[in-house]
Amino acid sequence: MRPSLHLALFLAAASIAAPLGAQQKVDVRRAVTRDVYVRLNGAFSSLKVTGWQKDSLVMTGSLPRDSRLEPAMGGPSGGAPAPGMKFYIEASTSGAAAGSLELFVPAGATVWAKSGSATIDVTGITGGLDLNIIGGTVTVNGNPRELNIESMDGNVSVAGAPTWMRVKTASGDVTVRGMCTDLAITTVSGTVTVRDGEFERARLESVTGNITFGAGMTRAGTLLIDSHSGTIELQIGKQSLDIDATTITGSITNSVSTRRPTPGREGRGEELTLSLGTGDARATLRSFKGNIRLIR
Amino acid sequence: MTNHLTWEILNDYVDEVLTPAERAAAEAHVRECETCAAALTELRATVAEARALPATVMPPDELWNDVRATIESRKVAHLPAGMASARSHARGWWMTPGKLAAAAVVLVAATASLTAIAMNARVSQTTVVVQGTPSVTVSASWLASERAFQQNVLELREQLEVLHDHLSPATLVKVERALATIDLAIAEGREALLRDPANAALSELLASNYRQKIELLRRMTQLASS
């Protein structure tokens, strides 16, 4: 059941000003609760979301003149803060998603946004984010409690400390810098890069994309990396870690200790098990025909 | 009547979040439109069933005994046909909006199947006969899990096929390219697993690729239906 369906939706004080050339101006202002749920769906090419310390929602920007913005619907009026708002942007007759929007919401808000090809840039949200695009880019800076991003070939970049994070792409590259308690990234052919910070549970999967993990693991943390043919690179630093690496046909290069990989089952591929330090955390690396590299 | 209620409106109607005016309009439409009335009934039933589901599902203690008995009773298993040949020409069975909700159920089933693939890498073996090749031994439960996976893929594929007009040609090209990449990886992994069926790492890698395929199809189906 979609979370939005559990929300009462209140009428937005929305206005679309007089057309300006081939564009129409968007200016929506509304008092909202601090944990407001905002749903934005439709044809926009650029969306900038900023979490602020005010109990109000402001959406400004411009849309093609013949596109249509349907603001949040229903509910009692009278100035009560709205707990939920919903916007749907119908594409212009040309079908182009050329709208550019800027959305300010309380930092604790949960924002759900979905578009075709779009650039989504989010800053300062501590609530939840659920962002879905086909192409374009998604950039998130901040510490959302929950972060879910899905993209086809759009690149994804996250810097911050979400508590829970899921990123899924087909060919889009994923870059994460920061910390996370529970991280999962899956991609078909995009690259995955995780740097800095510390992770408690991390699962990274690709089919052909290369995966680089250059961050730390918390005590008793678990890291699992699976790839069919992408290269897996684990940059260990001074991490205390138990490592279990397996390839089916690829090779393993160990530059962090003197232990050499052994031939895999039936003489194909390689296997390497080693313990660094006191082995506080555990890393399992598996690749079918990609290579695995362990470096400092 | 051709202008049927949208999926969003139907959901909002069931969840009672429409405005009074929208609700009145939807009710008026449903009174006169058999298609939407049927869809609404089905959606309500699906929602009711979903709400009745337990929050967690634990396998019963006797499950393993059942699995073992099943494996013992099937010492010889035949590899399922390739995925391409398994595609059905049946279309449109799920055309009502309510059936879209069933995609979630499919995903749950798929997840269970894939978990089973990963967990059953070390269980009892059975002999697989592939025409024209020497027999190899793999887990019977693995074969069952793979069949379940193929069925789930087939159902999601059918849904996507019906909805493919809702996606742009460029997006469809991207989807098919990604699916081809995954299929190639699955074919390689599967072939290797038949050569080395007790390889737990291989089984996990194959399960990962299966998950990728199910997940991609699910996402595209959701995207097309919204």
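Nothing in this text is a laboratory measurement; each read-out follows from the coordinates by a stated rule. Remember, it's a predicted structure, so these values are computed and weren't measured experimentally. So basically every Cβ, Gly included, is an ideal-geometry build from the backbone, and we count neighbours across all protein chains shown.
Numbers at a glance
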{"item": "Vicinal HN-Hα couplings computed from phi for the stretch A:80-86 (Karplus, 6.51 cos²θ - 1.76 cosθ + 1.60; Hz; Gly/Pro x)", "result": "5, x, 7, x, x, 9, 9"}
{"item": "Amide proton proximity set for A:Ser56, modelled H, under 5 Å, gap of 5+", "result": "A:Val32"}
{"item": "Between the stretch B:173-226 and the stretch A:189-266, the alpha-carbon center distance in angstrom", "result": "20"}
{"item": "Dipole moment magnitude, nearest 20 debye, chain A about Cα centre, only Lys, Arg, Asp, Glu C-beta charged", "result": "140"}
{"item": "Cα-centred dipole magnitude for the stretch A:85-237, charges only on beta-carbon of K, R (+1) and D, E (-1), debye, nearest 20", "result": "220"}
{"item": "Nearest-20 debye value, the stretch B:162-226 charge dipole, Cβ charges on Lys, Arg, Asp, Glu", "result": "160"}
{"item": "Farthest positive-ward along chain A dipole, Cα basis, beta-carbon charges - from A:Pro81, A:Leu224, A:Ser206", "result": "A:Pro81"}
{"item": "Total formal charge among the other residues, if their Cβ is under 10 angstrom from that of A:Lys86, Lys/Arg +1 and Asp/Glu -1", "result": "-2"}
{"item": "Out-of-range pairs (alpha-carbon distance over 21 Å; input A:Lys168/B:Lys174; A:Lys54/A:Lys168; A:Lys114/B:Lys174; A:Lys289/B:Lys213; A:Lys48/B:Lys213; A:Lys86/B:Lys213)", "result": "A:Lys54/A:Lys168; A:Lys48/B:Lys213; A:Lys86/B:Lys213"}
{"item": "Amide H within-cut-off set for A:Arg203, under 5 Å, with H built and near neighbours excluded", "result": "A:Leu183, A:Ala184, A:Ile185, A:Leu224"}
{"item": "For A:Ile236, distant residues with modelled amide H under 5 Å away", "result": "A:Ile295, A:Arg296"}
{"item": "Spherically averaged projected area in nm², based on the convex hull that wraps the Cα atoms of chain A", "result": "17.0"}
{"item": "Farthest positive-ward along the stretch B:173-226 dipole, Cα basis, beta-carbon charges - from B:Ser226, B:Ala201, B:Gln212", "result": "B:Ser226"}
